[in-house]
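Each reported figure results from applying straightforward, stated rules to the coordinates on display, with no laboratory input. Being a predicted model, the structure only gives us computed values, none of them experimental. We place every Cβ from the backbone using ideal geometry, glycine too, and count neighbours over all the protein chains shown.
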Amino acid sequence: MQQVETLILGAGAAGLFCGARVAQRGRSVLVLDHSKKPAEKVRISGGGRCNFTNLETEANRFLSNNPHFAKSALARYTPWDFCSLMAEHGLTWHEKTLGQLFCDQKSGAVIQLLLDELANAGGELRLETSIHAVVHEHGSFIAQTSLGPIRAEHLVVATGGLSIPKMGATAFAYELAEQFGHDIVTPRPALVPFTFTDDHRDAFADMSGVSVPVEACATSGPSFVENLLFTHRGLSGPSILQISSYWHQGEPVEIDLLPGTHALSLLQEAKTNAPKQTLVQCLSEHLPARLSTYLAAQAHRGPQTRLAELSNQQIDHIAQMLKSWSLKPAGTEGWRTAEVTAGGVATDALSSRTMESQIQPGLFFIGECVDVTGWLGGYNFQWAWASAAAAAGVA
Ligand SMILES: Cc1cc2nc3c(=O)[nH]c(=O)nc-3n(C[C@H](O)[C@H](O)[C@H](O)COP(=O)(O)OP(=O)(O)OC[C@H]3O[C@@H](n4cnc5c(N)ncnc54)[C@H](O)[C@@H]3O)c2cc1C
């Protein structure tokens, strides 16, 4: 039987990085993945430029049933630690917005960095390998795989979440965790566009492609000032993806279409200074024309309605709509397009210092399969690096 000190399941961001760091400690490491290529999500991330971290990383930018769980790992492996590694490999980066660091090179360069780190430390990677079953007996793990049985002292599970099944996502980590007695926080699609009912969808179809800066929030969770994008199915864009992680079925979402602007004063002043201006013209000075036409219709005003024709009550109503436009999504686009999975292996039986199971010593869960989900903007890779580094200290 093949023997290895540390067996890592999943060759994504977390698994490869953990493998490299464990191998650097001098341990024998084998990383297995059922896909043809490693770290495919790194390749498609950040529009092909991998938004590999965020300078504003703090535990409060992550969702988890235990909001304190991520603190220790994030504090011990910081965004600058990964930047240093990038620099060592000759890679460069730039900050796009809101602390988001993107690779100047294509995201394939980050995959190569991970593969080089693993290989240089003597770690082995085997792709297109299925894992049929895992048991723990006589002090070690035995994985039944398409390569045959493999015995390992330590087992690190880094097989990710359920998002984008066509890229090889499986429920493997959750099933294995349950087998060893861990609870699972029900996984749900996160960082995902909203879909709408037929009525809204028809209206939004005319605005497909329109992007506008807004402040959006779900019933619970923080609000996000970023762009909203109308799609032919509903709503997307960074502000919507961010609030989708906090949204629950049946709840409305609230959108301020003029963040930082006092809409009532704006309309009242416009009515005083330019009474002949149409409502659509007035709105179009601050919002895209197609959205302005839609909003005027929502306020039961035709495109030719002049500001002078609006009563104070009507102006008040329109201002309210601009500041707190409430919409009820029918649902989300689901696993097909969700960037990440919220929920996962419950943190209550994991060590926050090492990611080791408190039920089964020697078993570790890292990366997206754990119930720690970052905001949009490089936070999820930072969690992959930090949780991998935490586990690699002892795994
Ligand atoms: C389109 C898109 C863009 C994204 N962009 C960004 C971004 O710019 N910045 C950011 O921070 N995050 C981004 N993310 C999120 C980020 O990609 C993930 O959070 C991160 O990849 C998680 O790393 P991981 O190693 O835990 O899991 P994964 O990267 O999902 O890796 C898991 C690995 O396990 C393998 N695997 C799964 N099941 C099995 C099984 N049963 N047997 C064997 N192998 C298995 C998979 O093939 C995969 O290689 C993006 C996600 C998507 C989908």
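Rounded to the nearest 20, the size of the Cβ-charge dipole of the chain about its Cα centre is 540 debye, with Lys and Arg at +1 and Asp and Glu at -1. The stretch 128-172 and the stretch 182-224 have Cα centres spaced 34 Å apart. Panel order for D371, D81, by other beta carbons found within 10 Å of each beta carbon, from fewest to most: D81, D371. Across the stretch 193-332, Cα pairs under 8 Å and at least six residues apart give a relative contact order of 29 percent.
Around the amide H of A342, modelled in the peptide plane, lie the amide H atoms of R188, A190, all under 5 Å away and 5 or more residues distant in sequence or on another chain. For the stretch 255-261, backbone phi angles converted through the Karplus equation (6.51, -1.76, 1.60; θ = phi - 60°) give residue-by-residue couplings of 10, 8, 7, 10, x, x, 10 Hz, Gly and Pro being listed as x. The stretch 21-55 and the stretch 316-385 have Cα centres lying 19 Å from one another.
Projecting the Cα atoms of C217, S84, H300 onto the charge dipole of the chain (Cβ charges, centred on the Cα centre) puts H300 farthest toward the positive pole. Note that the stretch 47-57 has calculated 3J(HN,Hα) couplings of x, x, 10, 6, 7, 7, 6, 9, 5, 9, 4 Hz, one per residue in order, obtained from phi through the Karplus relation 6.51 cos²θ - 1.76 cosθ + 1.60 (θ = phi - 60°); glycine and proline are x. Hey, what number do you get for the chain at 222 nm if only DSSP H runs of n ≥ 4 count, each worth -39500 (n - 2.57), divided across all residues, to the nearest 500? Computed ellipticity for the chain at 222 nm equals -9000 deg cm²/dmol. Packing order of peptides 375-383, 197-205, 58-66, 9-17, highest average first: 9-17, 375-383, 58-66, 197-205 (average count of other Cβ atoms within 10 Å over each peptide's residues). The H on the amide N of L350, modeled in the peptide plane, is under 5 Å from the matching H of Q358, each at least 5 residues off or on a different chain. Amide H contacts under 5 Å for E124: V29, L30, V31, restricted to partners 5 or more places along the chain or on a different chain, H placed in the peptide plane at 1.01 Å from N. Taking θ as phi - 60° and the Karplus parameters 6.51, -1.76 and 1.60, the scalar couplings of the stretch 117-123 work out to 4, 5, 5, 4, 8, x, x Hz in sequence order, x denoting glycine and proline.
Cβ neighbours within 10 Å, averaged per peptide: list 346-352, 206-212, 123-129 in order, most packed at the top.
The densest-packed peptide leads the list: 346-352, 123-129, 206-212.
For the chain, the antiparallel share of DSSP beta bridges with both residues in that region comes to about 70%.
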